[in-house]
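In what follows, a single structure is set out as structure tokens and then discussed.
No value in this document is a laboratory result; all are computed from the given coordinates. All values reported here derive from a predicted model rather than from experimental measurement. Note that each Cβ is placed from the backbone with ideal geometry, even for glycine, and that neighbours are counted across all protein chains shown.
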Amino acid sequence: MGKIWNHFRTITYHKYLVAKGCFRVGLFWQGLRHDLSKYSPTEFLAGIKYYQGTRSPNNAEREEKGYSAAWLHHKGRNRHHYEYWTDYSIEAGAGIIAPVPMPDRYIAEMIMDRIAASKVYEGRNYTDASPLQYYYKGTDRAPLHRDTREKLERMLKMLAEEGEEKTFDCIRRELVKKRQRGK
């Protein structure tokens, strides 16, 4: 029963932190709907089985099986993951999968997701530089469209150097309000 409760508590706390960040930048609906698929049987049961409390259970599932069925399910249903935004490329040739630009509102949600995950897994060791450091661990492999990469990196660097208040204001102005004004 401990793993069930601990996993439920971890994903719910993560969801709460993302919602709190999304609300601060004006993404109310996305904040409420964030990561609902984590409560589906495909993701939740794997989360219980591979729960460790210090990192995503998907990594442990991937180590055991060579892939994570929970992650494949999750990334296909949640637009705040850059992996969702890939398609076959006409320019690159048949069968080549390439990144496409993410809409700004999902970039904003992705930033909130990274902040929340860092806070959950790093606990007291979290700093505003943690999400950027985590991003740099996988940068060379990340199939991000150049526009998406530029926006994400700029916001994560701002967070590391200038903190949440200034970064969230910038996200609200540049990624959220811009969309609402129809630009």
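Per-residue extension of 0.36 nm, minus the Cα-Cα distance of LYS137 and VAL100, leaves a gain of 11.2 nm for this segment.
When region 56-107 is described by a simple charge dipole with +1 on each Lys and Arg Cβ and -1 on each Asp and Glu Cβ, the residue from GLY66, ASN78, SER89 located farthest towards its positive end is ASN78. Can you tell me how region 1-106 classifies by the Cα gyration tensor, rounded, prolate or oblate, using a/c under 1.5 as the rounded cut? Note, shape of region 1-106 comes out oblate. By the gyration tensor of its Cα atoms, with a ≥ b ≥ c the square roots of the eigenvalues, what is the shape of the chain: rounded for a/c under 1.5, prolate for a/b over b/c, or oblate? Here the chain falls in the oblate category.
Normalised by residue count, region 64-159 yields a Cα convex hull volume of 123 Å³ per residue.
Rounded to the nearest 500, the 222 nm mean residue ellipticity of the chain from helices alone is -19000 deg cm²/dmol, with -39,500 (n - 2.57) taken per DSSP H run of at least 4 residues.
Please label the shape of region 101-148 as rounded, prolate or oblate, based on the square roots a ≥ b ≥ c of the eigenvalues of the alpha-carbon gyration tensor (a/c under 1.5 means rounded; beyond that, a/b larger than b/c means prolate, else oblate). Oblate, because a/c is 1.5 or more while a/b does not exceed b/c. In this simple spin-label approximation, ARG173 and THR12 carry label points 7 Å from Cα along the Cα→Cβ vector, and these lie 3.8 nm apart. Quick one: among ILE11, ILE111, ILE97, which has the greatest mean-square fluctuation in a GNM of the chain with alpha-carbon springs under 10 angstrom? Of ILE11, ILE111, ILE97, the most mobile in the Gaussian network model is ILE97.
Each of ALA129 and MET1 was given a label point 7 Å from its Cα along the Cα-to-Cβ line. The distance between the two points is 4.4 nm. In order along region 43-56, the Karplus-derived 3J(HN,Hα) couplings, from 6.51 cos²θ - 1.76 cosθ + 1.60 at θ = phi - 60°, round to 8, 5, 5, 5, x, 5, 4, 9, 4, 10, x, 10, 6, 5 Hz, and Gly and Pro are given as x. Could you grab the relative contact order for the chain? Cα pairs under 8 Å, six or more apart, rounded to a whole percent. Over the chain, the number comes to 22 percent. Applying both filters, DSSP loop and at most 13 other Cβ atoms within 10 Å, to the GluC sites (Glu not before Pro) of region 68-137 gives GLU91.
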